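The structure appears right after this line, and notes come after that.
The values are calculated or read from the model by the stated rules, or taken from the named source; none is laboratory data. Here the structure is a predicted model, which means the values were calculated and not measured. Cβ atoms come from the backbone with ideal geometry, glycine included; neighbour counts cover every protein chain shown. Note: areas computed on protein heavy atoms with side chains; ligands, DNA, RNA excluded. Shrake-Rupley method; radii C 1.70, N 1.55, O 1.52, S 1.80 Å.
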Amino acid sequence: MTSPKAPQGTPRYATSRHPIARAHIPGIPRPGEPGWPPRPSTPFIPGTPLTPGAPDLPSDPPSAPGPVPPTRVWLDPHADWTSKLYERLLAKRIVMVSGVLDDDMASRLSAQLLTLDAEQADPIRLELQNVRAELPATLTVMGILDVLRVPVRACVSGEISGPALGVLASCLYRSGYPNAIFVLAEPRLHLGGTVTAVSAGQQQMTRMLDTLYFRLADVTGREVDEIREDARRGRTLTTAQAIGYGLIQKQETTPRPPVPGGPPRPGPAGPAPR
């Protein structure tokens, strides 16, 4: 007895009761569906846009970069003039301070002052030019000035404002050039974090401000409350007013020779006529 012949197209060992399950890959049409047989898929190229309408990659691959042309670097012969100038000033025991007195500048200034204090017993001249300062950095320099063994002569030119006045007040001898401006002002503080952190930071800044105001009051002979009120109002003083206020002791004056053929220079004022 012969078995019935399986219809054409039926897989081997397949029966009507138990058909063989076929795996289907999404995107590939089944037999009998439009697009059968499928065409070989194009391999995916990295960088090909997947969004319709996006620009395609250039047809030709980019050429390999060629050799880098030689570059000429122009060296400034005066690039290190600042460091050489500061070295010459330090040799003369003159320290320059200008700009914003932050933690980095306070560290360098402290190192210079301590080095000069250890070398000789001669006085140090501290030039303060247009100085603005952060409160913690100011207290750092004030602490260094308090422990120096040699006297420090501070001279102000330009504008000195806010906590930087504490550096001036920590020097034994204080003077100012005729164009100097002294501004009593409260420092700007930026506190952030939790309520506890902000409260603790505010208390710490209050103690630091009290240290600054007590130093200014001790030098000027004024009350701490007066110093604090002047700082809140942002009081500005000229060199002559700073002498009367007690911040400095004198004004820097250098006699200059008269110009040949020019008018005589005014001298010091004499006693008023009776």
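Hey, could you check the range 125-165 for residues that are closer than 16 Å to Pro178 by Cα and among the charged types (D, E, K, R) and say which is nearest to the chain's Cα centre (by Cα)?
Glu159
Residues in the range 65-120 that are at pLDDT below 75 and among the acidic types (Asp, Glu) were compared, and the one that is nearest to Asp146 (Cα to Cα) is Asp80. The number of residues in the range 195-233 that are farther than 23 Å from Leu172 by Cα, hydrophobic (A, V, I, L, M, F, W, C) and surrounded by 13 or more Cβ atoms within 10 Å (Cβ to Cβ) comes to 2. Filtered by the rule that a residue be in contact (Cβ under 8 Å) with a residue 12 or more places away in the chain and either in a helix (DSSP H, G or I) or touching a strand residue (DSSP E or B) at 6+ places or on another chain (Cβ under 8 Å) (or both), the range 219-232 gives Val219, Thr220, Val224, Ile227, Arg228, Asp230, Ala231, Arg232. All conditions in (1) touching a strand residue (DSSP E or B) at 6+ places or on another chain (Cβ under 6 Å); (2) open to solvent by less than 20 Å² (accessible area, probe 1.4 Å); (3) among the aromatic types (Phe, Trp, Tyr) hold for Tyr173, with the sole exception of (2). Exactly one residue out of Leu126, Leu101, Leu165 is among the aliphatic types (A, V, I, L, M), in contact (Cβ under 8 Å) with a residue 60 or more places away in the chain, surrounded by 16 or more Cβ atoms within 10 Å (Cβ to Cβ) and more than 20 Å from Gly244 (Cβ to Cβ), and it is Leu101. With respect to the conditions (1) assigned to a strand (DSSP E or B); (2) open to solvent by less than 40 Å² (accessible area, probe 1.4 Å); (3) without any contact (Cβ under 8 Å) to a residue 60 or more places away in the chain; (4) β-branched (Val, Ile, Thr), Val150 lacks only one, and its number is (1).
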